[in-house]
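Data first, discussion second: the structure below is written as structure tokens.
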Amino acid sequence: MSEFSWPIRVYYEDTDAGGIVYYANYLKFLERARTEWLRSLGIEQDTWLQHRLGFVVRQVQMDLLRPAKFNDELRVTVVVERLRRASVEFSQQVLDQHGTILCQAQIRAACVQLGEAGSAVRAVPMPTAIIEVLKRAS
């Protein structure tokens, strides 16, 4: 599968009192990389949101191996591991400037039909247009 990579700089706001990246912020880094990957493929999420269609993270497995610190330059990767009718499974890594893996994660995102305010969302098959783009990219 083809790998996408996105640069991230660690800002002070990303760190905890000890000066290292707060664990929950790795989820933000992973999300940003997936969003930029979609954007690089011409898939703008706001366009699909206008049709009440979105992607939601359904499952996360994350392993924090080494700390990132304030002002570090990181690289976040995205690889599609499995493409299903209504979901995508990703393998992602956060690496430092030397290529050392700091965090690795397995993410499953589901395609959902967004209901009216207060109503439930439900899983739906991805539009053919999105599936075709994702197949070509992976």
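What to note about this one:
- Subset tally (residues that are surrounded by 15 or more Cβ atoms within 10 Å (Cβ to Cβ) and assigned to a strand (DSSP E or B)) for segment 114-129: 0
- Elements of type strands (runs of 3 or more DSSP E) contained in segment 1-105, each with 3 or more residues being of a type in the set (Val, Ile, Thr), under 29 Å from ARG136 (Cα atoms) and within 11 Å of the chain's Cα centre (by Cα): 53-64, 73-83
Every number here is computed from the coordinates shown, using simple stated rules; none is lab data. Keep in mind the model is a prediction, meaning the values are calculated, not measured. Every residue, glycine among them, receives a Cβ derived from its backbone with ideal geometry; neighbour counts consider all protein chains shown.
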